[in-house]
Amino acid sequence: METRTWLDGRVTRSTLPTYSSLQPKPPSGPKRLQLGQGELAHFYDGEDGGIEYLAFLEFLPGGIRGNHLHQRKREYLYIIRGEVDLVVQDVTDPASREKIPLRAGDLAFITPGIAHALQTRIAGEGVEFSRGRFDPADVQAFALIEGGR
């Protein structure tokens, strides 16, 4: 699995390896299985407790999601289909802004205190999940991307 980090490891992007049904048994851990009946993506198999928050995301043309940060939530984002730019910034350092391209098969991880926004490049879908429950009081607006709908 290819992994790259930004903001001193507080944001990561991993591209999950893809295996076909013709290959020998793939290793455990995150991966994409291309099977005759369709893709099966293993993007989380943790031993440290269960998932308490899970959401489906649709990425529409011209769409912008996020433009906020969390002080407690550790957030994962898996891209099922399409392409988005993940814009991130440590709120204590305006010079830390980065634009991270994400496409199908990419898994991003964002730690607390990192402002983030998603801008659709190619329409698609994704899954957002967290080990902690969603708390609306933990969402703080932080404009990284202007415009959109």
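The values are calculated or read from the model by the stated rules, or taken from the named source; none is laboratory data. All of these numbers come straight from a predicted model, not from anything done at the bench. Don't worry about glycine lacking a Cβ; one is built from the backbone with ideal geometry, like all the others, and counts go over all protein chains shown. Side chains are part of the model used for accessible areas, which takes the heavy atoms of the whole protein and leaves out ligands, DNA and RNA. Shrake-Rupley method; radii C 1.70, N 1.55, O 1.52, S 1.80 Å.
Observations on the model:
- In the range 53-66, the residues that are touching a residue at least 12 places away in the same chain (Cβ under 8 Å) and of a type outside the set (Ser, Thr, Tyr) form Cβ pairs under 9 Å with partners that are open to solvent by 80 Å² or more (accessible area, probe 1.4 Å) and in a loop (DSSP other than H, G, I, E, B), at six or more places apart or across chains, as follows: 55/134; 60/149; 62/149; 63/149; 64/146; 64/149.
- The residue that is nearest to residue 126 (Cα to Cα), counting only those in the range 54-99 that are in contact with a Leu (Cβ under 8 Å, 6 or more places away or on another chain) and basic (Lys, Arg), is 65.
- Test: residue in the range 43-51 that is closer than 21 Å to residue 14 by Cβ, under 14 Å from the mean Cα position of the chain (by Cα) and in a strand (DSSP E or B): no
- The range 77-99 residues that are more than 29 Å from residue 33 (Cα to Cα), paired with ones that are open to solvent by 50 Å² or more (accessible area, probe 1.4 Å) and assigned to a loop (DSSP other than H, G, I, E, B) (beta carbon under 8 Å, 6 or more apart): 88/97; 89/97; 89/142; 90/10; 91/142
For (1) open to solvent by less than 70 Å² (accessible area, probe 1.4 Å); (2) part of a strand (DSSP E or B), each residue gets a yes or a no:
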residue: 66; (1), (2): yes, yes
residue: 78; (1), (2): yes, yes
residue: 85; (1), (2): yes, yes
residue: 116; (1), (2): yes, yes
residue: 123; (1), (2): yes, yes
residue: 132; (1), (2): yes, no
residue: 140; (1), (2): no, yes
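- Pairs where the first residue, in the range 128-149, is of a type in the set (Lys, Arg) and the second is surrounded by fewer than 10 Cβ atoms within 10 Å (Cβ to Cβ), C-beta under 6 Å, 6+ apart: 131/49
- Among (1) among the polar types (S, T, N, Q); (2) over 14 Å from the mean Cα position of the chain (by Cα); (3) open to solvent by 40 Å² or more (accessible area, probe 1.4 Å), the one test that residue 89 misses: (3)
- In the range 5-22, residue least open to solvent (accessible area, probe 1.4 Å) [restricted to those that are more than 13 Å from the chain's Cα centre (by Cα) and within 15 Å of residue 103 (Cα to Cα)]: 17
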